[in-house]
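I have placed the structure first, in the form of structure tokens, so that the comments after it can refer back to it.
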Ligand code: ADP
Ligand code: MG
């Protein structure tokens, strides 16, 4: 019966992905940590194939052999990544297509969700030896631009911001809290620095610099846990000629989001200041869960306004955007409750429909002149 359920769920998932578009949901299991091993924790997650996983308290090899099947709750996702999955594979499966779409003037966003210590920052930013999705996406983007630089001149702008304690800050130019404003393109952070980027190396340096500005403070759960949500926005702009020889400006936006820990504030046993932060982090994540619920239930009113995070994610969740969620989980039975919670939300997020994502383009009033083109070409040559 277990197997039948698996098959049925799989076919549902396939059907959904062929009808219209929906948020793609991936789960990444991280390796057991040193401390988790030291205290003798057991693995409570078992990934049985590329898509299916079980959350079970009886997942040891012996139990598995004895029972010949797994007990516990079954989940199926667009992909379930075992702990041996490389950063490159996570990038290729989850984000590479979005980078391609952004180069065609479409919007995309990827967000990592999960408890503190589950592997969100590792997945998004990674380490120098094992760079994560943010870095691999930008590398790939520049490679693709280099390959097709004949069909237009691409300009790449970056901004990196955080939502901490319901305050929005510019990570590339810290110190001034930003105000959110609604304009033609949606919600924007007024005055956010837009860095024009020319190469991957430069971007790496910017990201590292930006990450040092992220608000991180010790909690009892994890000494370097981040209580902030970090959002990297990559805007690609370029001009092409359409069928009637008009010069068209295309803009694609990719948002890469490293969310704060989704655990309950209580679990970290914080004092007054910390519980205020906890409450606010919960407010943003609570608002995110209400938005997900409202979207799944097809409600008319989606409560984006309830938090800074949901205002910023408005186009990613309900707009014309290709959206990917990566749910990060620990294998340890000590994190059973958090993992259950993360998988619950990941399972719900699968049901969110997104609108068809057309290219954002605008016809330029004045056709591009020969001299302009020459100037751009020269600029491009200088860049390379
Ligand atoms: P989060 O950002 O969700 O709080 P981190 O990304 O900081 O969690 O991960 C916690 C720890 O686990 C870090 O030391 C990180 O290097 C390690 N880690 C996470 N995911 C992986 C992975 N897939 N492979 C190896 N180490 C990982
Ligand atoms: Mg983190």
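All of the numbers you see were taken from the coordinates with simple rules; none came from a lab. Only a predicted model underlies this, so the values are computations on that prediction, with no experimental measurement involved. Virtual Cβ from ideal backbone geometry, glycine too; neighbours counted across all protein chains shown.
Summary table
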| quantity | calculated |
| --- | --- |
| Gained length - residue 129 relative to residue 208, 0.36 nm times residue gap less alpha-carbon distance | 27.1 nm |
| Protection proxy ranking, peptides 133-143, 104-114, 172-182, average beta carbon neighbours within 10 Å, highest first | 104-114, 133-143, 172-182 |
| Order of 22, 46 under a 10 Å beta carbon neighbour criterion, fewest first | 22, 46 |
| Ranked 195, 160, criterion: other C-beta atoms within 10 Å, fewest first | 195, 160 |
| Contact order relative to length of the range 101-217, as percent, for alpha carbon pairs under 8 angstrom and 6 or more apart | 19 percent |
| Prolate/oblate/rounded call for the range 133-201, Cα gyration tensor, a/c under 1.5 rounded | prolate |
| Burial ranking of peptide ranges 294-306, 201-213, 327-339, 23-35 (average Cβ count within 10 Å, highest at the top) | 327-339, 23-35, 201-213, 294-306 |
